[in-house]
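First up is the structure itself, then whatever we jot down about it.
The values are calculated or read from the model by the stated rules, or taken from the named source; none is laboratory data. The model shown is predicted, which means the values in this text are computed figures rather than measured ones. Quick reminder, even Gly has a Cβ in these numbers, built from the backbone with ideal geometry, and neighbours come from all protein chains shown. SASA here: full protein model, heavy atoms, side chains in, ligands and nucleic acids out. Shrake-Rupley method; radii C 1.70, N 1.55, O 1.52, S 1.80 Å.
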Amino acid sequence: MNQSSGPVVVIGTGPAGAAAAVFLSRAGVEPLLLEAGSGTAALGLTARVRGLTLAKLRRPLNQRSDLTRVGDPAAELFEELAPGGLSNHWACAVPRFAADDFEDAARAGEAYTWPIDYAELAPWYDRVEPLLNIAGSSVDVPRLPRGRCADHWALGADWEPVVREAARDGRDVVAMPYAYGSKSIATRSATAFNAFTRLVKPLARRGGATVRYDTQALRLEWSKSERRVVAVVCRDVRTGSEVRIPCRAVVLAAGAVNSAQILLESGSADFPEGLGNSNGVLGHYLHDHPLAKAVIDLGRLVPLAPASYFTRPTLAQTTPLYAAACMQWNSATSMARTFIEGHPGVTRQLGFSLFGTMIPTVDDYVAVERGRPSAERAALRFSLRYPEAAIRELERTRDDLLGALERAGWEPKLRVFKVEVPGNSVHYGGTCRMHSSPRFGVVDARSRVHGVPNVVVADSAVFTTGPEKNPVLTAMTLAARACHHLGQDLRAGDL
Ligand SMILES: Cc1cc2nc3c(=O)[nH]c(=O)nc-3n(C[C@H](O)[C@H](O)[C@H](O)COP(=O)(O)OP(=O)(O)OC[C@H]3O[C@@H](n4cnc5c(N)ncnc54)[C@H](O)[C@@H]3O)c2cc1C
């Protein structure tokens with residue numbers, strides 16, 4: 001096979017890989033998806049009626065064990081090597097980033113400035129959201145733009161005093177957007193939206209993509225003479241043997257940690273420290289959302305659904321890159337409790353996840369442990385710490401939440417407040433960050449690795465900063481945009 005021929009290879013079938021495959025296919029390029037997991041993995045069951053979850057079965061989520069922790073010794077690193085990746089476990093919350101999130105990053109200085117802004121991403125959100133069948137707010141607020149939803153939700157009149165009081169702290173309160181949020185479904189996936197079941201499988205059935213299971217990408221092969229990547233070297237998980245797959249281009253969508261690991265393992269004479277790592281940025285600036293859980297008892301009954309979202313405050317009320325938002329839980333268990341307590345659908349207790357931010361730094365990272373070879377893949381050195389400022393911001397947000405509920409007359413009493421260990425949000429990002437300068441970033445504004453024009457990074461590894469919003473929708477949107485452009489360039493012979 002000619003070196004410049006071969007398929008466009010997408011590594012991973014999680015949300016980012018699925019969006020990449022759909023948009024490559026739409027651009028007229030049929031990708032080959034490599035999936036480390038097995039095609040026959042039984043992944044669960046979800047049954048819902050009009051958004052109300054009746055049954056859910058899923059297998060436990062595993063932590064990576066091949067780690068040397070050099071940051072917080074309690075930090076956690078989860079992964080799911082299976083079709084659909086972590087979308088076998090996720091909660092399906094899909095907020096857009098807002099214009100403020102990009103401005104917040106820019107005011108923190110050059111190292112944190114994204115090379116794109118919200119106006120650039122908005123039309124791509126519009127194209128990706130229909131894939132997710134979102135039920136979300138019809139209200140557009142500055143720090144949570146309204147998405148292109150299939151169904152609309154609004155918080156009821158009970159919430160009006162809370163909305164008014166939260167506004168005094170610069171926060172908006174709206175209904176949280178969820179993928180398949182108000183649909184009736186029965187699926188053999190553990191979540192309402194599994195990226196593999198919802199997007200990859202139907203695309204492959206239509207002939208728009210091919211999936212190769214049990215194929216773990218190990219490294220990319222760089223050609224010095226052609227100045228591009230010419231093959232993906234993989235491990236056949238069933239036999240343990242190495243396989244070389246020639247390719248025209250590669251889209252990395254193995255999750256923020258595994259995508260970085262593949263690049264780190266792709267050393268060559270031109271890139272001795274890993275592909276795209278000429279400036280030592282690769283693997284660094286790792287971030288996750290500092291997370292606290294709060295359970296609040298109320299002096300009155302309030303509707304449990306739809307779930308509410310207390311946004312971050314205005315930029316003027318926060319220091320650069322520090323903010324947090326509150327996402328109300330709306331689980332099957334909390335709904336079941338309202339039935340057991342004899343007041344279906346209304347509750348005296350609300351639970352929230354408080355997602356905050358951390359300034360990404362070079363001190364938080366994943367790196368390959370050269371001295372610990374393994375038959376499967378190299379072990380990792382892993383550093384993740386929450387700065388004190390992040391914890392203070394979570395506490396301030398808890399106090400703002402309690403204050404707004406108190407002034408609204410809901411008589412809140414804090415029953416539980418627990419800050420989780422770093423990594424517990426499982427919202428990893430930043431390891432192949434996007435920046436116009438290779439001094440601060442691994443990929444450029446179109447998600448291509450600096451100096452390596454035929455490699456795209458499609459997952460949240462490219463986040464320059466980690467705004468407090470859940471990452472999947474934005475990762476899929478960046479993947480869609482990057483793969484649309486990649487497809488066009490490939491068809492034009494422009495790589
Ligand atoms: C309990 C829980 C709740 C969550 N809730 C939300 C939420 O509500 N909203 C939200 O936005 N996010 C949520 N998340 C986070 C979200 O699930 C992840 O951010 C998202 O799945 C990442 O997508 P991805 O495609 O980048 O990576 P992944 O989902 O991790 O997928 C990576 C894929 O790559 C494959 N892979 C990995 N390495 C290789 C390799 N070397 N070769 C071949 N294949 C490989 C994997 O098998 C997998 O298919 C949640 C996570 C958890 C655990």
(request) Could you run through region 275-303 and say how many residues are open to solvent by 10 Å² or more (accessible area, probe 1.4 Å), more than 18 Å from the chain's Cα centre (by Cα) and closer than 23 Å to A19 by Cβ? (result) 1
(message) Looking only at region 10-40, how many residues end up being near the ligand (Cβ under 6 Å from one of its atoms) and hydrophobic (A, V, I, L, M, F, W, C)?
(response) 4
(request) Select from region 12-58 the residues that are out of contact with any Lys or Arg (no Cβ under 7 Å at 6 or more places or on another chain), over 15 Å from T197 (Cβ atoms) and in a strand (DSSP E or B) and list them in ascending order. (result) V49, L52, T53, A55
(request) Report yes if R146 is more than 16 Å from the ligand (Cβ to nearest atom), surrounded by fewer than 17 Cβ atoms within 10 Å (Cβ to Cβ) and under 25 Å from the mean Cα position of the chain (by Cα), otherwise no. (result) yes
(request) Of the conditions (1) closer than 29 Å to H89 by Cβ; (2) buried (at least 22 other Cβ atoms within 10 Å of the Cβ); (3) within 14 Å of the ligand (Cβ to nearest atom), R171 clears all except one; give me its number. (result) (3)
(request) Examine region 474-494 for a residue that is among the aliphatic types (A, V, I, L, M), over 22 Å from V251 (Cα atoms), more than 16 Å from the ligand (Cβ to nearest atom) and open to solvent by 20 Å² or more (accessible area, probe 1.4 Å), and state whether such a residue exists. (result) no
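From P306, P272, P313, grab the single residue that is open to solvent by 50 Å² or more (accessible area, probe 1.4 Å), assigned to a loop (DSSP other than H, G, I, E, B) and either β-branched (V, I, T) or over 20 Å from F78 (Cα atoms) (or both). Give the derivation first.
On the way: P306 fails: open to solvent by 50 Å² or more (accessible area, probe 1.4 Å); P313 fails: open to solvent by 50 Å² or more (accessible area, probe 1.4 Å).
From the options P306, P272, P313, the qualifying one is P272.
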(request) Hey, can you tell me all the residues within region 85-98 that are small (G, A, S) and either open to solvent by 30 Å² or more (accessible area, probe 1.4 Å) or within 6 Å of the ligand (Cβ to nearest atom) (or both)? (result) G85, S87, A91, A93
(request) Give region 200-220 a look and list any residue that's part of a loop (DSSP other than H, G, I, E, B) and either touching a residue at least 60 places away in the same chain (Cβ under 8 Å) or of a type in the set (A, V, I, L, M, F, W, C) (or both), or say none. (result) G207, G208, A209, Y213, D214
(request) May I ask you to list pairs of residues, at least six apart or on different chains, whose Cβ atoms are under 6 Å apart, with the first in region 90-116 being under 28 Å from N194 (Cβ atoms) and the second being basic (K, R)? (result) P95/K469; F97/K469; A98/R143
(message) Condition check: open to solvent by 40 Å² or more (accessible area, probe 1.4 Å) and in a loop (DSSP other than H, G, I, E, B). Does P453 satisfy that?
(response) yes
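Results for (1) touching an Asp or Glu at 6+ places or on another chain (Cβ under 8 Å); (2) more than 17 Å from W90 (Cβ to Cβ); (3) at pLDDT below 95, shown as yes or no for each residue.
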site	(1), (2), (3)
V442	no, yes, no
R446	no, yes, no
V452	no, yes, no
V457	no, yes, no
V462	no, yes, no
P467	yes, yes, no
M476	no, no, no
A482	no, yes, no
R491	no, yes, yes
(message) Restricting to region 219-268, name every residue that is away from the ligand (no atom under 15 Å from the Cβ), surrounded by fewer than 23 Cβ atoms within 10 Å (Cβ to Cβ) and aliphatic (A, V, I, L, M).
(response) V230
(message) Being within 29 Å of F78 (Cβ to Cβ) and part of a strand (DSSP E or B): is that true of A325 here?
(response) yes
(message) I'm trying to understand the selection: among the residues of region 156-192, which are at pLDDT below 95 and part of a loop (DSSP other than H, G, I, E, B)?
(response) G156, Y180, G181, S182, K183, S184, R188, S189, A190, T191, A192
(request) Give the number of residues within region 416-435 that are out of contact with any strand residue (DSSP E or B) (no Cβ under 6 Å at 6 or more places or on another chain) and open to solvent by 10 Å² or more (accessible area, probe 1.4 Å). (result) 3
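Select, from L61, L81, L45, L57, the only residue that is near the ligand (Cβ under 10 Å from one of its atoms), open to solvent by 30 Å² or more (accessible area, probe 1.4 Å) and in contact with a Leu (Cβ under 9 Å, 6 or more places away or on another chain). It would help to see each step written out before you state the result.
Working: L81 fails: in contact with a Leu (Cβ under 9 Å, 6 or more places away or on another chain); L45 fails: near the ligand (Cβ under 10 Å from one of its atoms); L57 fails: near the ligand (Cβ under 10 Å from one of its atoms).
Sole residue among the options that is near the ligand (Cβ under 10 Å from one of its atoms), open to solvent by 30 Å² or more (accessible area, probe 1.4 Å) and in contact with a Leu (Cβ under 9 Å, 6 or more places away or on another chain): L61.
Output the residues belonging to region 316-331 that are open to solvent by 20 Å² or more (accessible area, probe 1.4 Å) and either in contact with a Leu (Cβ under 7 Å, 6 or more places away or on another chain) or of a type in the set (D, E) (or both). Spell out the reasoning first.
First, pick out the residues of region 316-331 that are open to solvent by 20 Å² or more (accessible area, probe 1.4 Å): 316-317, 319-320, 322, 329-331.
Across region 316-331, the qualifying residue is only N330.
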(message) Where the second residue is at pLDDT 95 or above and in a helix (DSSP H, G or I) and the first is among the hydrophobic types (A, V, I, L, M, F, W, C) and crowded, with 24+ Cβ neighbours inside 10 Å and lies in region 126-142, which pairs have Cβ atoms under 6 Å and are six or more apart or on separate chains?
(response) V128/M476; V128/T477; V128/A480
